[in-house]
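The values are calculated or read from the model by the stated rules, or taken from the named source; none is laboratory data. Source: prediction; values computed, not measured. Counting neighbours? That spans all protein chains shown, and the Cβs are built from the backbone with ideal geometry, glycine included. Calculation scope for accessible area: heavy atoms of the full protein, side chains included, ligands and nucleic acids excluded. Shrake-Rupley method; radii C 1.70, N 1.55, O 1.52, S 1.80 Å.
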Amino acid sequence: MLRFPPSLQFDKLTCRKSLARALGGRLPHKGCTVGLLGGSFNPAHAAHDLITRQALTRLGLDEVWWMVSPQNPLKSSAEMAPLAARVESALALQQHPRIRITTIESQLGSVYTADTLRKLTRIFPNVRFVWLMGADNLLQISRWRDWKDIFQLVSVAVFARPGYSLPAASAKAAQYFAHKQLPERKSRQLSKTPAPAWTLIHGRQSRLSSTQIRQKAKASGKTC
């Protein structure tokens, strides 16, 4: 798959060409399975890469899209690098041929994950999407707008993170959708299981975080 930087210029009217540009050059093919990893990527780092590669292998995905968000509504914009810088950090880190760096949320005009998923599932009805996130986000997803709709729209894969896996098991979202959890041994069936369906995947874990990287850079007088 040819890789191109995603567009940083967005059309007022979304069309196939503008979608392709935001996705790095081409649209997904019919019937493919795509993992979606959303976030600020402020900056992108090895833990993002680790989760993504585990997702490709453990879930049997065709592609993973890194959706570099215009602005996380739960985070302050004070320390948020410009979109172009965050996209550049992701492109510099990620060279896997089946992992795309995208600006699709900016093109769709989405700030909230549920809105993004509504639009993607409507625009690409023949693509199977799986939402990817760390166990730390499972703890707080009940604070997200229309969080129950996220689970109703697509399957969800949660990846263990140091210190978060056990607390995540008792999270509000985990308890609410407990009857829809697939055992980890059946994780490759997740993308084929109608939503709501989710699973918790254990594997190699990283303690890296974007906040940690920014703090270290600030302490050393550098910029990310």
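General remarks:
- Structure-derived mean projected area of the Cα convex hull in nm² - corresponding label in (i) 11.7; (ii) 16.5; (iii) 13.4: (i)
- If you sort 199, 121 by accessible surface, 1.4 Å probe, largest first, the order is 121, 199.
- The H on the amide N of residue 38, modeled in the peptide plane, is under 5 Å from the matching H of 67, 132, each at least 5 residues off or on a different chain.
- Excluding ligands, DNA and RNA, the accessible surface per residue across segment 1-91 is 47 Å² with a 1.4 Å probe.
- Here segment 28-67 is treated as a Stokes sphere of Kirkwood radius computed over C-alpha pairs; at 37 °C and 0.692 mPa s its diffusion coefficient rounds to 307 µm²/s.
- Note on residue 17: aspartates and glutamates with a C-alpha under 19 Å away, same-chain residues under 8 apart excluded, are 105.
- Applying a threshold of 21 Å to the alpha-carbon distances of 119/172; 30/119; 30/192 flags 119/172 as lying beyond it.
- At most 13 other Cβ within 10 Å, DSSP loop - trypsin sites (Lys or Arg not before Pro), segment 74-182: 145
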